[in-house]
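Structure first, commentary second.
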Amino acid sequence: MKTLAELAAIRDKMKAQVALREGNGNTRIVVGMATCGIAAGARPVLNAFVDEVAKNGLSETVTVTQTGCIGICQYEPVVEVYTGSDEKVTYVKMTAEKVEKVIKEHIMGGKVVSEYTIGASV
Amino acid sequence: MKELSLNILDIVQNSVKAGATRIEICLEETDERFSFWVRDNGCGMSEELLSRVKDPFATTRTTRNVGLGIPLLTLAAEQTGGGVSIESSTGEDHGTLIRADFNKRHIDFTPLGDIVSTVTTVIQGNPDTDVIFSHSAGEGRVELSTPELREVLDGVSLSEPEVLAWIEENLRGQYDQMRMF
Ligand SMILES: Nc1ncnc2c1ncn2[C@@H]1O[C@H](COP(=O)(O)OP(=O)(O)OP(=O)(O)O)[C@@H](O)[C@H]1O
Ligand SMILES: [Mg+2]
């Protein structure tokens, strides 16, 4: 079992990195977590984003946040991605399986995965 | 909802939306009963809203004029012969307490599912909120309190991926031990 001593070790490691991290965080991934989103599978999608961001070492520039209803319930789970200068990209009917591609191609590669966007769905 | 832990996540989102800085999530079960309650110190509901809240046409939201969360939970509880009760206050001690009771043996009982994922999701989204979680089943008990973890973390955020991974593994370890009872 994970002990408090292990948590303290994580704290010390994080504190050593703090100086590096300030002023960053210019990409935001926002997952809709209202009833409609949760019922449609937003929880595993959120967790997959958190895991992929950590796994690819993106924590310093990418934040994953939760929001309420985005207002397009029939397309849930809905994920909005805000990058530096670009406008917002809305991914719809997301699944945990689709997350890796969004991270690799869009967040890391700068190329929107248009087949998952709302435009491809209507 | 496919799992009760998703209903719990959804009910906690109401507390988040109500501006709560402290949210308690408590699960209690016996061989026959499963109960949980969520208590928050958010803005609370007026008596008028509270009286309408189990009705799917009651909501203060503007994007859609029906609230689904509480009606879905009520349905899930009532279909097992249980029910939902809500107390809320907008006064000085503002906050809300929502409690749901289920008959575990009923064929329509929805299994709890991945409650650990619900707890980590709540903490990930609300690292500055005090989250107090406990689950007791017979002799076994699982508990986690973010104010206590924050004391160890000394300014490092609870939403750090490595901290969240620690929380997840800690809870899963506690559940492994609880199952040995
Ligand atoms: N913990 C709480 N504190 C304050 N108000 C609450 C709380 N829980 C529910 N409410 C009020 O009750 C209303 C109905 O809640 P419910 O969860 O059924 O629907 P919703 O949150 O509005 O929408 P949905 O859950 O479908 O996304 C909310 O809009 C809110 O005004
Ligand atoms: Mg709700």
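The values are calculated or read from the model by the stated rules, or taken from the named source; none is laboratory data. Keep in mind it's a predicted model, so treat the numbers as computed, not measured. Neighbour counts are summed over all protein chains in view; Cβ atoms, including those assigned to glycine, are modelled from backbone coordinates with ideal geometry. Calculation scope for accessible area: heavy atoms of the full protein, side chains included, ligands and nucleic acids excluded. Shrake-Rupley method; radii C 1.70, N 1.55, O 1.52, S 1.80 Å.
A compact table of results
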{"item": "Residue check for A:Gln66: within 14 Å of chain B (Cβ to nearest Cβ) and either in a helix (DSSP H, G or I) or more than 16 Å from ligand 2 (Cβ to nearest atom) (or both)", "result": "no"}
{"item": "Members of the range B:1-28 that are more than 16 Å from ligand 2 (Cβ to nearest atom) and more than 13 Å from B:Arg99 (Cα to Cα)", "result": "B:Lys2, B:Glu3, B:Thr21, B:Arg22"}
{"item": "Matching option when the condition is facing another protein chain (nearest Cβ under 8 Å) and within 21 Å of B:Leu9 (Cβ to Cβ), among A:Ile10, A:Ile29, A:Ile38", "result": "A:Ile38"}
{"item": "Residues located in the range B:11-37, provided they are of a type in the set (Val, Ile, Thr) and more than 15 Å from ligand 1 (Cβ to nearest atom)", "result": "B:Thr30"}
{"item": "Residue within the range B:99-106 that is modelled with pLDDT of 95 or more, of a type in the set (Asp, Glu) and more than 9 Å from ligand 1 (Cβ to nearest atom) present", "result": "yes"}
{"item": "Members of the range B:75-94 that are within 9 Å of ligand 1 (Cβ to nearest atom) and under 14 Å from the mean Cα position of the chain (by Cα)", "result": "B:Ile86"}
{"item": "First in the range B:1-20 and without any contact (Cβ under 8 Å) to a residue 40 or more places away in the chain and more than 8 Å from chain A (Cβ to nearest Cβ), second anywhere and within 11 Å of ligand 1 (Cβ to nearest atom) and outside any helix (DSSP H, G or I), Cβ under 7 Å, 6 or more apart", "result": "B:Gly19/B:Gly42; B:Gly19/B:Cys43"}
{"item": "Filtered residues of the range A:83-104 (kept if open to solvent by less than 70 Å² (accessible area, probe 1.4 Å), closer than 15 Å to A:Arg28 by Cβ and outside any helix (DSSP H, G or I))", "result": "A:Thr83, A:Gly84, A:Val89, A:Thr90, A:Tyr91"}
{"item": "Residue satisfying all of: in the range B:153-173; open to solvent by 30 Å² or more (accessible area, probe 1.4 Å) and not acidic (Asp, Glu); modelled with the lowest pLDDT among these", "result": "B:Pro161"}
{"item": "Residue list for the range B:83-130, restricted to those being charged (D, E, K, R) and within 22 Å of B:Ser145 (Cα to Cα)", "result": "B:Asp93, B:Arg99, B:Asp114, B:Asp128, B:Asp130"}
{"item": "Single residue of the range B:53-86 satisfying the filter (modelled with pLDDT of 65 or more and of a type in the set (Ser, Thr, Tyr)) that is nearest to B:Leu9 (Cα to Cα)", "result": "B:Thr74"}
{"item": "Residue in the range A:105-122 that is nearest to A:Gly71 (Cα to Cα), counting only those that are without any contact (Cβ under 8 Å) to a residue 12 or more places away in the chain and part of a helix (DSSP H, G or I)", "result": "A:Gly119"}
{"item": "Extreme residue, nearest to B:Thr120 (Cα to Cα), among residues of the range B:38-52 that are at pLDDT 95 or above and more than 7 Å from ligand 1 (Cβ to nearest atom)", "result": "B:Val38"}
{"item": "For A:Ile29: the one exception among (1) in contact (Cβ under 8 Å) with a residue 40 or more places away in the chain; (2) closer than 22 Å to B:Glu162 by Cα; (3) open to solvent by 20 Å² or more (accessible area, probe 1.4 Å)", "result": "(3)"}
{"item": "Residues of the range B:141-181 satisfying the condition of being farther than 11 Å from B:Pro127 by Cα and among the β-branched types (Val, Ile, Thr)", "result": "B:Val142, B:Val152, B:Ile167"}
